[in-house]
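Only one structure is covered here, and it is reproduced in the block below.
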Amino acid sequence: MSNPDMKLTENPWALLELKADAAEVIASPARGYWGDVWARLRARKPAMVGLVFIVLLILAAVFGPMISPYSYFEQNLKLSNIQPIFNPYTVSTTDEDGTPETAHFFLNAGNFNLYEVDARGALIGLIRGGRKDMAMRRTTYQIAGQAVVVDYSQQPTRLFVDDVETRPGGWQWNKTYWFGTDQLGRDVLVRQLYGARISLLVAFVATIVNFFIGVLYGGISGYAGGRVDAVMMRIVEVIATIPLTLYVILMMVVLQSGLISVVLAIGTVFWVDMARIVRGQILTLKQSDYVDAARTMGARPGRIIVRHLLPNAVGPILVTLTMLIPSAIFIESFMSFIGLGVTPPLASWGTLTSNAVETMRAYPHQLLFPAAAISLTMFAFNFLGDGLRDALDPRLRK
Amino acid sequence: MTQTTLHANSGFGRWLGKLPLGYILRRALMMLVTLWAIITLTFIMMHAVPGGPFVSERMMAPEIEAALNAKFGLDAPLWQQYFNYLGGVLSFDLGPSFKYPGVSVNQMIADGLAVTAQTGLLAVLAVVAVGVPLGIIAGLNRNRWPDTAVMMLATVGVAVPSYVIATVMLYVFALRLGWVPTFGLDDWRGYILPVIALSGFWLSFVARLTRSSLLETLDQDYMTTARAKGLRPGQILIKHGLRNSLIPVVTVLGPVVANLLTGSFVIEQIFALPGIGRHFVLSITNRDYTAIMGITIFYAAFLIFMIFIVDMLYLWLDPRIKLEDSE
């Protein structure tokens with residue numbers, strides 16, 4: 001689009017005067033390797049969403065349990081299996097003095113109990129004193145001076161106030177237990193946060209082990225070459241024949257269940273893939289001139305590996321790490337799911353899911369939260385990993 | 001049809017004729033060494049467990065414990081137990097179960113094998129027969145809606161853990177909608193959820209891998225050459241494109257089988273299928289050490305064999321591969 005009103009006052013094609021300092025000005029700010037990586041990573045929305053999610057998860061896992069008024073082991077059997085949202089009924093009467101009396105309560109369709117709540121949606125407690133009539137499959141309560149009958153003889157359960165069928169007033173969030181409670185009346189939210197702590201701890205341990213064992217093992221094997229390399233890689237091959245999950249299971253049998261055992265078991269075998277990747281990298285990198293130069297200047301092999309070779313292999317190392325972290329998190333939750341992970345009352349996302357399976361017919365919300373937590377975390381790490389791979393090595397982009 | 005293409009002279013029969021026997025022998029030897037290492041490792045681990053195999057909550061009279069130890073040969077010195085066990089494994093006898101009197105580990109494996117093999121085989125089939133075509137569709141429609149749809153599905157499949165997929169599907173399709181039974185394999189519909197849950201991750205992984213590998217292959221010079229020679233597009237795609245892009249897919253088939261095995265632990269538990277995975281998990285919770293050892297060794301032997309088969313397939317698919325290990 002051209003602007004017809006615009007008048008060219010001078011020749012646009014005239015040569016600019018060549019100044020020495022103007023030629024030296026660099027058009028864009030200089031960025032190092034990591035600046036470049038960061039810029040490329042920031043351009044990738046899914047990766048950034050993943051990164052933000054992980055940061056928030058870490059913050060929530062660290063500070064959440066401190067702020068929460070509940071603990072992961074505190075039971076309240078009177079308030080078990082409470083839903084995170086409910087649909088309360090309202091009953092009100094005016095007694096002889098003329099003072100109005102109002103009660104809000106909701107029906108837990110899973111166990112046919114009534115729970116009193118206040119107008120905001122905070123739990124007051126279980127309503128007791130119902131007269132059960134097993135033959136008629138109904139329970140009668142006296143609430144705010146009126147007879148409230150819960151009739152569960154047919155699905156869905158109906159509720160009568162003074163023999164008139166009553167409908168609830170509208171959905172409300174549970175203000176006391178945001179995510180509801182589990183079979184033993186423990187707060188689901190705080191247990192989720194402890195689950196997040198465990199998952200992140202496992203991720204952290206996997207990272208450390210990969211750095212200190214995997215990278216060094218692969219580095220030494222690749223740098224040494226020859227017979228040492230052959231033996232070291234045969235060992236890795238033997239270990240890698242069997243899926244890591246199987247090793248972790250065997251380790252757990254030896255070590256007995258528990259958080260420390262899970263961490264130890266994952267730590268013991270989780271460096272094999274990293275060792276292979278690093279070895280491959282070192283095999284090519286050690287042909288470089290700078291390695292010869294360092295060797296000529298008398299650097300010892302340890303120094304060459306740590307100061308010259310590994311920093312140059314950091315891209316593939318990071319990419320492998322972002323793929324190994326979610327798989328470590330997955331293995332922990334998998335172990336906990338089949339009952340070999342953390343021991344109760346400690347909660348991991350795996351145990352929370354497996355406990356929820358038992359009650360999922362009546363309380364699907366107990367399944368929803370841990371399933372969503374582990375899935376979203378896996379998504380976040382996967383997205384970040386994909387983004388980081390593209391950012392670290394633009395040639396790999398597909 | 002007398003065109004000679006780049007790979008047409010490397011048919012299966014000819015490959016069989018020039019089978020590298022030395023290489024295969026060396027691989028077989030390596031397989032045995034690996035198996036031996038795993039047997040030894042599991043033996044050491046199971047004997048490193050604190051307390052004897054009969055330690056439980058209930059106190060046991062020392063005489064009874066001694067009698068049990070004698071019955072299972074646990075009173076012999078450790079090295080003798082080890083050689084006894086090794087001898088047993090060599091003659092395909094994995095010993096008796098400690099927890100179920102009169103039941104041998106062989107019998108436990110035989111009981112579960114049919115169920116595990118059926119679901120496992122169906123899952124492998126699903127991975128190959130669904131994953132590969134999905135990847136091809138995505139690759140051929142790069143950046144158009146089929147590609148986006150497949151990649152979204154594959155991202156979900158790779159990220160969401162199998163036990164979450166299994167439980168959520170169980171809730172939605174079995175409990176809520178009632179389309180499939182909640183457990184058991186009495187009816188063909190009973191297979192649907194376990195197979196989807198079992199194959200979900202690797203199906204997605206293979207779809208992603210096929211797509212990226214196909215995209216890479218399509219860019220190769222020999223594809224252009226084939227087009228320039230005037231070959232029909234379908235022929236180019238099948239003979240040059242697919243065959244070459246499937247090489248990386250074949251290499252992951254070994255890990256696929258391995259991970260389907262471990263995946264079956266949790267899937268068989270969720271859907272209450274009486275397979276080997278369920279026996280394995282049960283024997284762990286029961287602390288049935290001979291069963292744990294036996295099933296681990298069975299898995300290991302099976303996996304080693306599968307990896308060997310996959311390597312042989314790889315040789316056939318990629319004639320460029322060097323037979324000698326790069327040492």
Notebook entry, point to check: How many residues are surrounded by 16 or more Cβ atoms within 10 Å (Cβ to Cβ) and either on the phi > 0 side of the Ramachandran plot or away from every other protein chain (no Cβ under 11 Å) (or both) when one looks only at region B:210-227?
Noted result: 5
Notebook entry, point to check: Taking B:Gly230, is it more than 14 Å from chain A (Cβ to nearest Cβ), free of Cβ contacts under 8 Å to residues at least 40 places away in the same chain and touching a helix residue (DSSP H, G or I) at 6+ places or on another chain (Cβ under 9 Å)?
Noted result: no
Check: Going through region B:109-127 one residue at a time, which ones are touching a His at 6+ places or on another chain (Cβ under 9 Å) and surrounded by fewer than 18 Cβ atoms within 10 Å (Cβ to Cβ)?
Finding: B:Asp111
Next item on the list: Please give the number of the condition B:Asp221 fails out of (1) under 27 Å from the mean Cα position of the chain (by Cα); (2) modelled with pLDDT of 80 or more.
Entry: (1)
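For (1) of a type in the set (Asp, Glu); (2) touching a residue at least 40 places away in the same chain (Cβ under 8 Å); (3) in contact with a Gly (Cβ under 8 Å, 6 or more places away or on another chain); (4) within 11 Å of another protein chain (Cβ to nearest Cβ), each residue gets a yes or a no:
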| site | (1), (2), (3), (4) |
| --- | --- |
| B:Val103 | no, no, no, no |
| B:Thr116 | no, yes, yes, no |
| B:Val127 | no, yes, no, no |
| B:Val132 | no, yes, no, no |
| B:Trp145 | no, no, no, no |
| B:Thr155 | no, yes, no, yes |
| B:Val164 | no, no, no, yes |
Check: Given the structure, is A:Val291 part of a helix (DSSP H, G or I), of a type in the set (A, V, I, L, M, F, W, C) and within 11 Å of another protein chain (Cβ to nearest Cβ)?
Finding: no
Next item on the list: Test each condition in (1) more than 11 Å from every other protein chain (Cβ to nearest Cβ); (2) surrounded by fewer than 20 Cβ atoms within 10 Å (Cβ to Cβ) for A:Leu392 and report the one that comes out false.
Entry: (2)
Note to self: Given the options A:Val262, A:Val291, name the one that is within 35 Å of the chain's Cα centre (by Cα), among the β-branched types (Val, Ile, Thr) and buried (at least 18 other Cβ atoms within 10 Å of the Cβ).
What the structure shows: A:Val262
Note to self: Quick check on region B:76-101: of everything there that is without any contact (Cβ under 8 Å) to a residue 24 or more places away in the chain and within 15 Å of B:Phe302 (Cα to Cα), which residue is nearest to the chain's Cα centre (by Cα)?
What the structure shows: B:Phe92
Item checked: Filtered residues of region A:360-374 (kept if farther than 25 Å from A:Phe53 by Cβ, touching a Gly at 6+ places or on another chain (Cβ under 9 Å) and at the interface with chain B (Cβ under 7 Å from one of its Cβ atoms)) -> A:Arg361
Note to self: Restricting to region B:166-181, count the residues that are touching a Leu at 6+ places or on another chain (Cβ under 8 Å), within 12 Å of another protein chain (Cβ to nearest Cβ) and without any contact (Cβ under 8 Å) to a residue 40 or more places away in the chain.
What the structure shows: 4
Next item on the list: Scan region A:265-288 for residues that are among the polar types (S, T, N, Q) and surrounded by 14 or more Cβ atoms within 10 Å (Cβ to Cβ) and jot them down.
Entry: A:Thr268, A:Gln281
Margin query: Name the single residue that is nearest to A:Thr284 (Cα to Cα) among those in region A:212-228 being surrounded by 19 or more Cβ atoms within 10 Å (Cβ to Cβ) and within 13 Å of another protein chain (Cβ to nearest Cβ).
Written below: A:Gly222
Margin query: Taking the condition of being surrounded by fewer than 19 Cβ atoms within 10 Å (Cβ to Cβ), farther than 27 Å from A:Val263 by Cβ and in contact (Cβ under 8 Å) with a residue 24 or more places away in the chain, how many residues in region A:305-340 meet it?
Written below: 2
Checklist line | Flag if A:Tyr177 is free of Cβ contacts under 8 Å to residues at least 60 places away in the same chain and among the hydroxyl-bearing types (Ser, Thr, Tyr) | finding: no
Next item on the list: Determine whether B:Thr262 is at the interface with chain A (Cβ under 9 Å from one of its Cβ atoms) and modelled with pLDDT under 85.
Entry: yes
Next item on the list: Go over the candidates A:Ala380, A:Ala347 one by one and state the one that is more than 8 Å from chain B (Cβ to nearest Cβ) and not in a loop (DSSP other than H, G, I, E, B).
Entry: A:Ala380
Notebook entry, point to check: Could we say that A:Tyr194 is assigned to a helix (DSSP H, G or I) and among the hydroxyl-bearing types (Ser, Thr, Tyr) here?
Noted result: yes
Item checked: Residue that is on the phi < 0 side of the Ramachandran plot, within 13 Å of another protein chain (Cβ to nearest Cβ) and at pLDDT 85 or above, where the choices are A:Val278, A:Val272 -> A:Val272
Note to self: Looking only at region A:182-236, how many residues end up being among the hydroxyl-bearing types (Ser, Thr, Tyr) and under 23 Å from A:Phe334 (Cα atoms)?
What the structure shows: 3
Margin query: Of the conditions (1) among the aliphatic types (A, V, I, L, M); (2) within 14 Å of chain B (Cβ to nearest Cβ); (3) touching a residue at least 60 places away in the same chain (Cβ under 8 Å), A:Val357 satisfies every one except a single condition; which number is it?
Written below: (3)
Notebook entry, point to check: Within region A:39-58, can you find the residues that are part of a helix (DSSP H, G or I) and surrounded by fewer than 13 Cβ atoms within 10 Å (Cβ to Cβ)?
Noted result: A:Ala39, A:Lys45, A:Val52, A:Val55, A:Leu56
Item checked: Given (1) more than 10 Å from chain A (Cβ to nearest Cβ); (2) buried (at least 22 other Cβ atoms within 10 Å of the Cβ); (3) hydroxyl-bearing (Ser, Thr, Tyr); (4) farther than 19 Å from B:Ala114 by Cα, number of the condition B:Thr251 does not satisfy -> (2)
Note to self: I'm checking my understanding of the structure. Among residues of region A:321-344 that are facing another protein chain (nearest Cβ under 9 Å) and either outside any helix (DSSP H, G or I) or among the small types (Gly, Ala, Ser) (or both), which one is nearest to A:Arg191 (Cα to Cα)?
What the structure shows: A:Ser333
Next item on the list: Return a yes/no flag: does region A:230-237 have any residue that is within 13 Å of chain B (Cβ to nearest Cβ) and of a type in the set (Asp, Glu).
Entry: yes
Next item on the list: Run down A:Ala61, A:Ala30, A:Ala109, A:Ala22 and say which single residue is modelled with pLDDT under 75, of a type in the set (Gly, Ala, Ser) and surrounded by 10 or more Cβ atoms within 10 Å (Cβ to Cβ).
Entry: A:Ala109
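The values are calculated or read from the model by the stated rules, or taken from the named source; none is laboratory data. A quick note: this is a predicted structure, and the numbers were derived from the prediction, not measured. Methodologically, a virtual Cβ is constructed for each residue, glycine included, from the backbone with ideal geometry; neighbour enumeration extends over all protein chains shown.
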